[in-house]
Amino acid sequence: MGQEAIYKCNNCGNEFKSHEGGGFLFKEYRCVNCDTIKRIETRSELDEPLHIPTKDELGACKRCGGELRDDIKPMCHKCKSRDVKEKNVLVLYD
């Protein structure tokens with residue numbers, strides 16, 4: 001399950017909106033360098049098995065060439081810290 005939320009940076013106090021997680025039909029990967037999000041479809045039909053992309057299929061961030069991962073928190077846009085916590089969930093999605 002994924003979400004759109006307001007996050008607060010524990011480092012500088014900045015508050016910002018971001019996404020985290022994925023849905024039933026997609027996964028969200030974020031760039032370790034610039035925090036750009038890439039959504040990857042994991043199923044084309046509901047009865048198909050979950051498809052986890054390989055590193056080659058996933059590729060690199062189109063913005064900066066950084067590694068894409070699905071296990072990191074959103075990045076503070078002000079100080080670039082990932083030491084953030086969700087303050088207010090706006091939308092939950094599957």
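Where a number appears in this text, it was derived from the coordinates with a stated rule and is not lab data. Bear in mind the structure is a predicted one, so any value in this text is a computation, not a measurement. Note that each Cβ is placed from the backbone with ideal geometry, even for glycine, and that neighbours are counted across all protein chains shown.
Report the dimensions of region 14-94 along its three principal axes from the alpha-carbon atoms, largest first, rounded to Å.
42, 30, 16
For Arg69, Arg39, which order do you get if you count the other beta carbons within 10 Å of each Cβ and list the fewest first?
Arg69, Arg39
When only Cα pairs under 8 Å and 6 or more residues apart are kept, what is the percent relative contact order across region 2-93? Write down the numbers at each step before the final one.
Numbers: 178 pairs, mean separation 37.0, N = 92.
Answer for region 2-93 is 40 percent.
Before rounding to the nearest 500, sum -39500 (n - 2.57) across all DSSP H runs of length at least 4 in the chain and divide by the residue total; then give [θ] at 222 nm in deg cm²/dmol. Write down the numbers at each step before the final one.
Details: 1 runs with 4 residues, N = 94.
Per the formula, -500 deg cm²/dmol.
Please give the Cα centre distance for region 1-28 versus region 32-91, rounded to the nearest Å.
10
Among Leu90, Leu25, Leu58, which comes first, then next, by fewest other beta-carbon atoms within 10 Å? Mind dumping the intermediate values first?
Values: Leu90 11, Leu25 14, Leu58 17.
Going from least to most buried by this count: Leu90, Leu25, Leu58.
With only Lys, Arg, Asp and Glu charged, each at its Cβ (+1 for the first two, -1 for the last two), find how big the charge dipole of the chain is about the Cα centre; round to the nearest 20 debye.
Magnitude of the dipole: close to 660 debye.
Specify which residue in the list Gly66, Ile52, Leu92 is farthest towards the positive end of the charge dipole of the chain, using unit charges on the beta carbon of Lys, Arg (+1) and Asp, Glu (-1), about the Cα centre.
Gly66
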